[in-house]
Amino acid sequence: MSETAYVPRLKTLYLEKIRGVLNEEFKYANPMMMPRLDKVVINMGVGDAVNDRKAVDAAYEDLMKIAGQKPVVTRAKQSIAGFKLREGMAVGVKVTLRKDRMFDFIDRLVTIALPRVRDFRGLNPKSFDGRGNYAMGVKEHIVFPEIDYDKVDKIRGMDIIVCTTATSDAEARRLLKELNFPFRAN
């Protein structure tokens, strides 16, 4: 009995269907020119970390559950007296997902988390940066099924940046649309 290696559902969809659709639409001369997902960066800023040192630890644990890998604690680069912030203080956590973990996270984001967002009308189609990357914010991290609502001390938001190898926003928008990202119609 041979064991087959686990391949994420979205990765299979990309390899079998989406590459063909993109090639038909944009007519690439070389298969390496086709846009693909490069990485996903998830950042969780912790504003109350100045007064409460345990807030960063709680955000660290939550992000580790959501992403499935250890996050990195981000620190302040310079002191800002108005915010009572000192250089080197922990101000948030972030994690970079690549390969299979990235595909799994995007699958959970699109199929489970985004439909659970309150008053969700679709993603903003104008949030591309001009170089084929898409950034979005989630106001409540409790929309992810890995987070137990009863054990959450405070609801936090997070930034999610989807980086692609696309050279234009049109290519990236088409790629993400094929990956079932629910963009709202403008």
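Only the coordinates and a few stated rules stand behind these numbers; no lab work does. Treat the numbers as computed from the prediction; the structure is a model and nothing was measured. Positions of Cβ are generated from backbone atoms using ideal geometry, with glycine treated the same way; all protein chains shown enter the neighbour counts.
Give the shape of the stretch 31-114 as rounded, prolate or oblate, defined through the alpha-carbon gyration tensor: a ≥ b ≥ c are the square roots of its eigenvalues, a/c under 1.5 means rounded, and otherwise the shape is prolate if a/b is larger than b/c and oblate if not. Prolate, since a/c reaches 1.5 and a/b exceeds b/c. Lysines near K27 by alpha-carbon distance under 22 Å, same-chain residues fewer than 8 away left out - which ones? By straight Cα distance, K27 reaches K11, K17, K177.
Listed by chain and number, the lysines whose alpha-carbon sits under 21 Å from that of K77, ignoring those within fewer than 8 places in the same chain, are K54, K94.
Against the compact-protein benchmark of 2.2 N^0.38 Å, the Cα-based radius of gyration of the chain scales to 1.15. In the chain, the DSSP-assigned H stretches of four residues or longer account for a calculated mean residue ellipticity at 222 nm of -7500 deg cm²/dmol, using -39500 (n - 2.57) per stretch and the full residue count as denominator. Working note: Karplus 6.51/-1.76/1.60 with θ = phi - 60° gives the stretch 143-149 the couplings 6, 7, x, 6, 8, 7, 4 Hz, where Gly and Pro are set to x. Computed on the stretch 1-143, with alpha-carbon pairs under 8 angstrom and 6+ residues apart, the relative contact order is 23 percent. Taking Cβ atoms as reference points and 14 Å as the exclusive limit, the residues near R184 contribute a net charge of +3, counting Lys and Arg as +1 and Asp and Glu as -1.
Compute the signed sum of charges (Lys and Arg +1, Asp and Glu -1) over the other residues within less than 9 Å, Cβ to Cβ, of N43. Walk me through the intermediate numbers first.
Numbers: positive: K94; negative: D159.
Neighbourhood net charge equals 0.
Relative to the dominant Cα principal axis of the chain, helix 169-178 is inclined by about 80°. Based on the alpha-carbon gyration tensor of the stretch 145-186 and its eigenvalue square roots a ≥ b ≥ c, which shape applies: rounded if a/c is under 1.5, prolate if not and a/b is larger than b/c, or oblate? Since a/c reaches 1.5 and a/b is larger than b/c, the shape of the stretch 145-186 is classed as prolate. Could you work out how far helix 99-108 tilts from the main Cα principal axis of the chain, as a 0 to 90 degree angle to the nearest 10? So the inclination is approximately 80 degrees. Expressed to the nearest 5 percent, the antiparallel share of DSSP beta bridges inside the chain is 95 percent.
With a cut-off of 14 Å between beta carbons, the residues surrounding S79 carry a summed charge of +3, where Lys and Arg count +1 and Asp and Glu -1. Between the stretch 76-101 and the stretch 172-186, what is the separation of their alpha carbon centroids in Å? Between the Cα centres of the stretch 76-101 and the stretch 172-186 lies a distance of 30 Å.
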